[in-house]
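Derivation of every value follows stated rules applied to the coordinates shown; laboratory data play no part. From a predicted model like this one, the values you see are computed outputs, not experimental measurements. Because the Cβ atoms are built from the backbone with ideal geometry, glycine has one as well, and the counts that use them run over all protein chains shown.
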Amino acid sequence: MAETVRFSEARILVVDDEAANVLLLERLLQRWGYDNVVSTTDSSQVVFLLEQERRDLVLLDLTMPHPDGFEVMRMLCESHTGGRRCPVLVLTADVSAATKERALTSGASDFVTKPFDRTEVRLRVRNLLSTHLLQLELERNNALLEQRVRGRTRDLEDARRETLERLALVGEYRDDETHEHAQRVGRMAALLAAQLALPQEDVQLIRRAAPLHDIGKLGVSDAILLKPGRLTSDEFEVMKRHTVIGGRILARSVSAVLQAGEVIARMHHERWDGDGYPDGLAGEAIPLPGRLVAVADVFDALTHKRPYKSAWTAERAAAEIHRVAGTQLDPGVVQAFDRLDPATLLAPIESADVGVGGAW
């Protein structure tokens with residue numbers, strides 16, 4: 001029953017310059033159960049009619065005043081801009097092999113000679129429609145499948161982003177009362193990357209990886225991490241290990257974000273002059289993501305309260321960043337910092353914060 005409904009809804013266009021031929025084909029098609037039939041004796045209107053409403057089959061005469069059937073098929077090919085072109089069943093009194101070959105190479109899907117056998121026409125119409133409707137069904141199913149795959153991909157991407165957010169939150173939860181330090185650093189590092197004209201893909205990668213910079217603090221005891229005063233030299237050596245621990249936590253991942261996170265976690269306390277840790281790298285030997293996060297981390301740490309200090313103003317923090325440019329921090333990144341709006345850097349992270357160029 002479902003098949004009968006599909007065929008009865010098939011949209012057919014009949015094109016013949018002889019009104020009697022058109023009338024005959026219309027009556028035959030209606031008798032065979034095709035109710036959606038449009039016809040014309042003016043072949044110049046074919047492209048317009050097909051543009052007005054997509055058709056599932058064209059029954060086309062070849063011998064007509066300009067344009068003839070061959071020219072009509074040429075126009076159909078030229079006007080075809082996408083999707084599946086409807087099949088064309090040619091009906092002609094010319095039975096020569098050359099004409100049949102030309103018709104089929106011009107775009108005809110099948111060929112029937114006049115005077116035609118009604119049973120043959122009925123079967124050829126049904127076969128062409130069966131193939132065409134099956135192709136449309138396959139295309140619809142493929143489109144639905146692609147839509148579902150895109151939906152699942154979005155769901156997986158959302159889950160992955162949330163996992164990264166929560167992983168970053170774990171690293172900051174113990175020593176940041178706002179629990180937003182990691183995301184603020186990610187936002188600022190991405191803004192710095194954008195100021196340096198990095199590709200948008202790299203900006204987003206840094207946006208997602210930078211919040212993982214302090215994940216290694218999981219390996220530092222509360223006695224040291226939350227100590228209200230200055231750390232002793234031994235305590236500071238223990239604190240410095242969080243860079244190595246963070247790198248190890250994120251090491252050997254196949255994820256581009258976690259690979260960048262590994263570099264950032266290990267390198268964000270390296271110094272431009274080579275006196276940083278853990279590897280004592282200097283200048284451009286320090287990977288750029290590490291240098292970006294170093295500036296973002298210093299600014300955010302200075303402008304927010306910590307167990308061992310009160311919050312600084314943005315102006316005081318900016319002055320300190322300029323003071324250590326060329327020694328602790330990359331002077332080129334500091335120049336990019338100067339082009340940022342302090343109000344944006346200090347703004348709280350909203351649940352719907354989109355960062356730079358997209359959702360976090």
Projected onto the charge dipole of the chain (+1 at Lys/Arg Cβ, -1 at Asp/Glu Cβ, origin at the Cα centre), which of Val72, Ser96, His179 gives the Cα projection farthest towards the positive end?
His179
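Kirkwood hydrodynamic radius, computed over distinct alpha-carbon pairs, for the range 158-346: how many Å, to one decimal?
Values: mean 1/r = 0.0610 Å⁻¹.
Evaluated over the range 158-346, this radius sits at 16.4 Å.
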Efficiency by 1/(1 + (r/R0)^6): what FRET value for Arg74 and Arg150, r their Cβ-Cβ distance, R0 = 25 Å, to the nearest 0.05?
0.10
Pop a pseudo-label 7 angstrom from the Cα along the beta-carbon direction at both His322 and Ser130 and give the gap in nm to one decimal.
8.2 nm
Give me the percent relative contact order of the range 158-346, please, defined on Cα pairs under 8 angstrom at least 6 residues apart.
21 percent
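Give the Kirkwood hydrodynamic radius (Å, one decimal) of the range 183-285, defined as one over the mean of 1/r across all pairs of different Cα atoms. Working shown, then result.
Values: mean 1/r = 0.0691 Å⁻¹.
Value: 14.5 Å, from the Cα pair sum.
Of all DSSP beta bridges in the chain, what percent run antiparallel (nearest 5)? Intermediate results must be reported in sequence, preceding the final value.
Working: 1 of 19 bridges.
Around 5 percent antiparallel, to the nearest 5.
Select from the range 266-315 those trypsin sites (Lys or Arg not before Pro) which occupy a DSSP coil region and have at most 16 other Cβ atoms within 10 Å, ordered by residue number.
On the way: sites: Arg266, Arg271, Arg291, Lys305, Lys309; in loops: Arg271, Lys305.
Sites meeting the loop and neighbour criteria: Lys305.
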Suppose R0 equals 35 Å; then what is the FRET efficiency for Ala285 and Asn142 from their Cβ-Cβ distance, rounded to the nearest 0.05?
0.10
Under a GNM of the chain (C-alpha, springs under 10 Å), which listed residue has the highest mean-square fluctuation: Ala251, Ala343, Ala294?
Ala343
Per DSSP, the loop-located GluC sites (Glu not before Pro) within the range 1-64 having at most 16 other beta carbons within 10 Å are Glu9, Glu18, Glu53
Once you have the Kirkwood Rh of the range 52-200 from its Cα pairs, apply Stokes-Einstein at 20 °C and 1.002 mPa s and quote D in µm²/s.
102 µm²/s
Restricted to Cα positions, what overall size does the chain have along the principal axes? Three whole-Å values, descending.
104, 41, 34
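Given charges of +1 on the Cβ of Lys and Arg and -1 on the Cβ of Asp and Glu, with all other atoms neutral, how large is the dipole of the range 158-346 about its Cα centre, in debye to the nearest 20? Could you put the intermediate results ahead of the total?
Numbers: 24 positive and 28 negative charges, 51 e Å.
With Lys and Arg at +1 and Asp and Glu at -1, about 240 debye.
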Mind checking the range 37-103 for trypsin sites (Lys or Arg not before Pro) that DSSP puts in a loop (not H, G, I, E or B) and that have at most 13 other Cβ atoms within 10 Å?
Arg54, Arg84
If contacts are Cα pairs under 8 angstrom and at least 6 residues apart, what is the relative contact order of the chain in percent?
11 percent
So, with +1 on the Cβ of K and R and -1 on the Cβ of D and E, and no other charges, what is the size of the charge dipole of the chain about its Cα centre, to the nearest 20 debye?
780 debye
Taking the chain as a Gaussian network, where each spring joins two C-alpha atoms under 10 Å apart, which residue of Glu157, Glu120, Glu284 fluctuates the most?
Glu120
